[in-house]
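Asker: Just dropping this structure here.
The values are calculated or read from the model by the stated rules, or taken from the named source; none is laboratory data. Quick caveat: nothing in here was measured; it's all calculated off a predicted structure. Note: accessible area is taken over every heavy atom of the protein model, side chains too, but ligands, DNA and RNA are not part of it. Shrake-Rupley method; radii C 1.70, N 1.55, O 1.52, S 1.80 Å.
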Amino acid sequence: MITHGDDLLISGAWLLGIGTLVGAIGQTRQTITSTDLGKDLVLKGNGIEAVGNSLQAIGRSKMLNPENERTETYFIFGSWLEAIGNIADAVGIGMQLSGSVEEGIRTDALGSGIQGLGAAIEAIGASLTEETISRSFEIKGNGLISAGSFLESIGNIFILNEKVRLGEHILLLGSWTQVFGAFILIEAFSLGPEPEPERGKDGHNRHYSYANYY
């Protein structure tokens, strides 16, 4: 049973990777065929992503302490925003499949925008912490997810303005950008603790201890 915050972060990152990949495959099928074929995969992908974001928000909350409260708040708030955005995306796609196409696209565009904002907030939070390889990956991963989400929002806006083919290609670009970002995050959370030098009384490094970078 997963109880530790770092385990939830890793599990959430893997779900993000799976969700973005499922959604990108669905979007690819939809773009190639110019039909709704693949929309069901996009819907499922967003649902999986929402669960992943929620696990990460809960994991961050478990790891919260007075020393990291300010920066971790960015991550927690950003993760919940991403989860809300993904849920809105799933609802919007469901509406489209049910026949409420225009309203569904609007909801999808709004959800992608919220998701992009959440990922951007997480990237800002990572940039405020001590620079490590893991944090650098988090900045890049969340930055790509943010960019991809905003691209999806823009793509839906183009579709609403009857520029369907251009909009579909922007959606495709945005979906695969998020895949790359999600798998960079998996790498970030898989790196684990980084070694930090311990200093002796004379100020010189004596040995290395593996302090958690969170």
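Asker: Identify which of the listed values of Rg and Dmax of the Cα atoms in Å was calculated from the structure shown: (1) 18.9, 73; (2) 22.5, 77; (3) 16.9, 49.
Answerer: (1)
Asker: What's the extension gain from ASP7 to GLU130 if we count 0.36 nm per residue and subtract their Cα-Cα distance?
Answerer: On the way: separation 123, 0.36 × 123 = 44.28 nm, distance 2.13 nm.
The ASP7-GLU130 span can extend by a further 42.1 nm.
Asker: Any idea how many Lys pairs in region 38-167 come in under 27 angstrom at the alpha carbon, given 8 or more places apart or on separate chains?
Answerer: On the way: LYS39/LYS163; LYS44/LYS140; LYS44/LYS163; LYS62/LYS140.
Lysine pair count for region 38-167: 4.
Asker: Could you derive backbone 3J(HN,Hα) for region 73-83 from the dihedral phi with the Karplus parameters 6.51, -1.76 and 1.60 (θ = phi - 60°), listing whole Hz in sequence and x where the residue is Gly or Pro?
Answerer: Rounded to whole hertz, the list is 4, 4, 5, 5, 4, x, 5, 5, 4, 4, 4.
Asker: Follow-up. Report, to the nearest 10°, how far helix 39-62 tilts away from the longest principal axis of the Cα atoms in the chain, using its own Cα long axis and a range of 0 to 90°.
Answerer: It works out to around 20 degrees.
Asker: Working from Cα positions, state the angle (0 to 90°, nearest 10) between the long axis of helix 133-160 and the longest principal axis of the chain.
Answerer: 10
Asker: Let me ask another. With an 8 Å Cα cut-off and a minimum separation of 6 or more residues, compute the relative contact order for region 5-98 in percent. Each step should come with its number before you reach the end.
Answerer: Values: 135 pairs, mean separation 31.9, N = 94.
After rounding, I find 34 percent.
Asker: Tell me the carbon and sulfur percent of the accessible area for region 137-183, rounded to whole percent, probe radius 1.4 Å.
Answerer: Numbers: 1610 of 2170 Å².
With neighbouring chains kept in place, the figure for region 137-183 is 74 percent.
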